[in-house]
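Student: Sharing a structure below in structure tokens format, with a few things to ask.
The values are calculated or read from the model by the stated rules, or taken from the named source; none is laboratory data. Keep in mind that what you see is a predicted model, and the values were worked out from it rather than measured. Glycine gets a Cβ as well: all are built from the backbone with ideal geometry, and neighbour counts include every protein chain shown. Areas reflect the complete protein model, heavy atoms only, side chains present, ligands, DNA and RNA absent. Shrake-Rupley method; radii C 1.70, N 1.55, O 1.52, S 1.80 Å.
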Amino acid sequence: MTRILIADDHPLFRLALVQAVANLGDDITIVEADGLEAARQALLAQRDIDLVLLDLHMPGSHGLMGLVSLRSEFPSVAVIMISANDDPLVMRRAMRYGAAGFIPKRSGIGDIQAMLRAVIACEDPEPLPARNRLDAEAEQDRDLATRLASLSPQQLRVLTLVAEGLLNKQIADRLDIQERTVKAHMSAVFERLAVRNRTQASLLLRSLEIADPSRSLAD
């Protein structure tokens, strides 16, 4: 039995994914979530989830930060990113930060199922087109991915809330911890990310934000 979590805040697209996943076979169980925190709670409640289909642009995800957070807290669970942004550069960045695969939202059901079958079978998905050279952004991504990987899941949650503009007391209340614990986490985060303050940490995380073409058109 393979248990798959589908995390997407668009009800219609989530339904389409449910149908695509359900047609993979009778040994598939599907769990749904409409946000990053809902996905995290589902993973905490059901430790036998094997695979997550994660919308890149869900509320609370902060682009690739949502991927980094889930991979840190649940390292044994594979994550496939889903996005309306099908820029190959965005796909490559997602893979650098730990995604097992990437599904553009324009993909047909056959392509989605092929990606899922490959990941479930622990096979490498279809490779992305190669670039002629390694660019500076790729090196920066690898460096930041390494630094983020050195943070604990709780430190990553604190960092995400800092990026949302919350003060230490607000973060403590949100995470149900002591304010001094927040300060200790912040000190460790600053040291490992090689930043001096909250502003620099927030700016660093902005590099993980990725525009959602579908929402831009809607706006």
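Student: Treat every Asp and Glu Cβ in the range 148-189 as -1 and every Lys and Arg Cβ as +1, leave all other atoms uncharged, and give the resulting dipole magnitude about the Cα centre to the nearest 20 debye.
Tutor: Taking the Cα centre of the range 148-189 as origin, the dipole is about 80 debye.
Student: On to the next question. How large is Rg over Rh for the chain, taking Rg from the Cα atoms and Rh as the Kirkwood inverse mean of 1/r across Cα pairs?
Tutor: Looking at the chain, the ratio lands at 0.97.
Student: Could you calculate the FRET efficiency of D86 with R147 from 1/(1 + (r/R0)^6), where r is the beta carbon distance between them and R0 is 30 Å, rounded to 0.05?
Tutor: Using R0 = 30 Å, I get an efficiency of 0.60.
Student: Find how much the distance from S207 to T29 grows on full extension, using 0.36 nm per residue of separation minus their present alpha carbon separation; answer in nm with one decimal.
Tutor: Values: separation 178, 0.36 × 178 = 64.08 nm, distance 3.50 nm.
Length gained, S207 through T29: 60.6 nm.
Student: So what's the range 143-219 giving for Cα Rg divided by 2.2 N^0.38 Å, two decimals?
Tutor: Cα-based Rg divided by the globular estimate yields 1.20.
Student: Leaving out ligands and nucleic acids, and using a 1.4 Å probe, what accessible area per residue does the chain come to in Å²?
Tutor: Value for the chain: 51 Å² per residue.
Student: Given a Förster distance of 35 angstrom, what is the FRET efficiency for Q140 paired with N197, based on the Cβ-Cβ distance and rounded to 0.05?
Tutor: Efficiency, from the Cβ-Cβ distance: 0.95.
Student: Then there is this: What is the dipole size for the chain, taken about its Cα centre, with +1 at each Lys and Arg Cβ and -1 at each Asp and Glu Cβ, in debye to the nearest 20?
Tutor: On the way: 25 positive and 30 negative charges, 166 e Å.
Using Cβ point charges on Lys, Arg, Asp and Glu, the chain gives about 800 debye.
Student: What is the sum of charges, Lys and Arg at +1 and Asp and Glu at -1, for the other residues whose Cβ falls under 10 Å from the Cβ of F13?
Tutor: Taking every Cβ under 10 Å from that of F13, the sum is -1.
Student: OK, next. Of the accessible area of the range 1-159, with the probe set at 1.4 angstrom, what percent is carbon plus sulfur? Spell out each step's value before the answer.
Tutor: Values: 3750 of 7340 Å².
Of the solvent-accessible surface of the range 1-159, carbon and sulfur hold 51 percent.
Student: Tell me which of F190, A33, P59 sits at the most positive position along the dipole axis of the chain, charges placed on C-beta atoms (Lys, Arg +1; Asp, Glu -1).
Tutor: The Cα lying farthest towards the positive end belongs to F190.
Student: Calculated from DSSP H runs of 4 or more alone, at -39500 (n - 2.57) each and per residue, what is the 222 nm mean residue ellipticity of the chain, nearest 500?
Tutor: On the way: 11 runs with 116 residues, N = 219.
Computed ellipticity for the chain at 222 nm equals -16000 deg cm²/dmol.
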